[in-house]
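Scroll down for the structure; my scribbles are underneath it.
No value in this document is a laboratory result; all are computed from the given coordinates. Just so we're clear, the structure is a prediction, and the values are computed from it rather than from any experiment. Don't worry about glycine lacking a Cβ; one is built from the backbone with ideal geometry, like all the others, and counts go over all protein chains shown.
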Amino acid sequence: MELNSLRQFLVVARLEHLSRAADELHIAQPSLSRTIARLESELGTPLFDRSGRLRLNDTGKLFRDHVERSLGELEAGRRAVAEATSVGLGTVRLASETFLTLTGPLAAYKRAHPSIEIELHWSLAEDMARRLRAQDVDLCVASQPIHAEGLESMQLFEEAVGVGVPLAHPFASRTSVSIDELADQPFITARKGHWLRRLLDRLFAARDLTPKIVCESDEHSAIADLISAGLGIGLVPGFARHSATRAPVAWIAVDSPDCRRRVTLHWGADSHLSTAARLMRTTITGWDWTAPEPNGRAAGRSQ
């Protein structure tokens with residue numbers, strides 16, 4: 001089996017769509033189809049169900065897990081050799097759903113280790129376990145639970161998530177608001193998969209409600225701007241209240257014990273962490289997350 005074929009298989013397994021996988025790999029779809037067919041022929045069994053939409057079957061999932069670990073070990077070996085023969089400390093690769101929360105420790109790390117290159121990768125939480133197993137990244141910071149084997153983790157902090165409203169909104173003078181009161185409000189939020197959207201959907205589903213979403217934004221930093229402009233309201237983490245912003249919005253507590261996020265650092269249990277990655281882990285886990293930045297009444301940008 002060729003390594004390139006295995007890498008192509010992982011992309012198809014992740015996307016479960018041949019044309020999108022071909023686009024991502026920058027190859028022709030017929031060529032990718034032949035690669036997958038050859039791989040299945042070598043293994044003597046289909047890896048995908050092809051009735052309707054392409055789906056990774058149970059055998060394919062089993063094979064995917066082994067391929068991820070195998071390619072991850074090869075990458076770890078390459079990085080270990082590079083670290084052993086390099087005069088510097090190398091590179092650290094960090095994935096997160098948001099980096100605004102991490103600006104403090106990232107800045108401190110860069111000041112302490114200016115020669116280390118930092119690679120930042122935006123990632124959905126649902127992709128993080130795969131990326132860690134494949135050693136595509138060294139560390140991941142997630143704002144929602146990651147349920148997967150082979151990972152170690154440390155919770156960084158837990159905080160309340162409130163609702164951000166325009167300063168002229170009737171709720172702006174309130175200290176708290178219930179989910180039922182938010183049922184008919186227009187929401188500005190992230191797309192499906194992002195922790196902010198998952199929390200919103202979960203809170204409403206628990207009351208057999210559906211949020212009225214008027215805007216799904218891929219630009220998470222723009223959510224506060226849109227709220228401030230009066231286009232709707234949205235969930236805003238407590239951490240954001242202490243960030244500088246050009247878009248002042250009022251932050252109101254939500255009367256629900258479930259309206260919270262838990263920010264956790266994850267890494268592979270069996271992975272060889274480089275010196276640069278271990279130093280980054282120490283910086284992030286040792287950071288004082290209870291000390292807010294200079295605070296104002298306004299909430300910051302959505303995390």
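Observations, loosely collected:
- Each residue in W289, W251, W195, W122 was given a count of other beta-carbon atoms within 10 angstrom of its own, and listing them fewest first yields W122, W289, W251, W195.
- Measuring between their Cα centroids, segment 252-281 and segment 17-79 lie 29 Å from each other.
- Taking other C-beta atoms within 10 Å as the exposure proxy, L39, L196 rank L39, L196 from fewest upward.
- Segment 51-158 - Rg (one decimal) and Dmax (whole number), Cα, Å: 16.3, 55
- Cβ crowding within 10 Å ranks F157, F171, F187, F9 as F157, F171, F187, F9, fewest other Cβ atoms first.
- Derived from the Cα gyration tensor, the three semi-axes of the equivalent ellipsoid of the chain are 38, 27, 15 Å, largest first.
- Listed residues P30, P237, P46, most fluctuating in the chain (Gaussian network, C-alpha, under 10 Å): P30
- Using a Gaussian network model of the chain in which every pair of alpha carbons under 10 angstrom is joined by a spring, one finds that among Q155, Q29, Q135 the greatest mean-square fluctuation is at Q29.
- Net charge of neighbours whose Cβ lies under 15 Å from the Cβ of D58, counting Lys and Arg as +1 and Asp and Glu as -1: 0
- Lys, Arg +1 and Asp, Glu -1 on Cβ, resulting dipole of the chain about Cα centre, debye, nearest 20: 280 debye
- Less than 5 angstrom separates the built amide H of H121 from those of L94, A95, S96, all sequence-distant by 5 or more or on a different chain.
- Spin-label pair T290/R260, simplified geometry with 7 Å Cα→Cβ offset, distance in nm: 1.5 nm
- Radius 12 Å from Cβ of L265, net charge of other residues (Lys, Arg +1; Asp, Glu -1): 0
- Proximity of backbone amide H atoms, modeled 1.01 Å from N, is registered between G234 and G164, I188 at under 5 Å, excluding neighbours fewer than 5 places apart on the same chain.
- The amide H of L156, built 1.01 Å from its N in the peptide plane, has V263, T264, L265 as neighbours under 5 Å, considering only residues 5 or more places off or on other chains.
- Check: segment 3-67 dipole with +1 on Lys, Arg Cβ and -1 on Asp, Glu Cβ, in debye: 80 debye
- The Stokes-Einstein estimate for segment 1-123, based on a Kirkwood radius over Cα pairs and taken at 37 °C with 0.692 mPa s viscosity, is a diffusion coefficient of 192 µm²/s.
- Between A269, A190, A205, the GNM of the chain built on Cα springs shorter than 10 angstrom shows A205 fluctuating the most.
- Sequence-ordered 3J(HN,Hα) estimates for segment 2-7 from the Karplus curve with 6.51, -1.76 and 1.60 and θ = phi - 60° stand at 7, 4, 5, 5, 5, 5 Hz, glycine and proline given as x.
- Counting only DSSP beta bridges whose two residues both lie in segment 133-292, roughly 70 percent are antiparallel.
- Within-13-Å neighbourhood charge of E158 [Cβ basis; K, R +1; D, E -1]: +1
- Using all pairs of distinct alpha-carbon atoms, the Kirkwood hydrodynamic radius of segment 193-291 works out to 16.5 angstrom.
- Between D58 and T210, the simple spin-label model (points 7 angstrom out along Cα→Cβ) gives 3.4 nm.
- Given R0 = 41 Å, the distance between the Cβ atoms of S173 and S41 translates into a calculated FRET efficiency of 0.05.
- For segment 3-67: Kirkwood Rh in Å [reciprocal of mean 1/r, alpha carbons]: 11.6 Å
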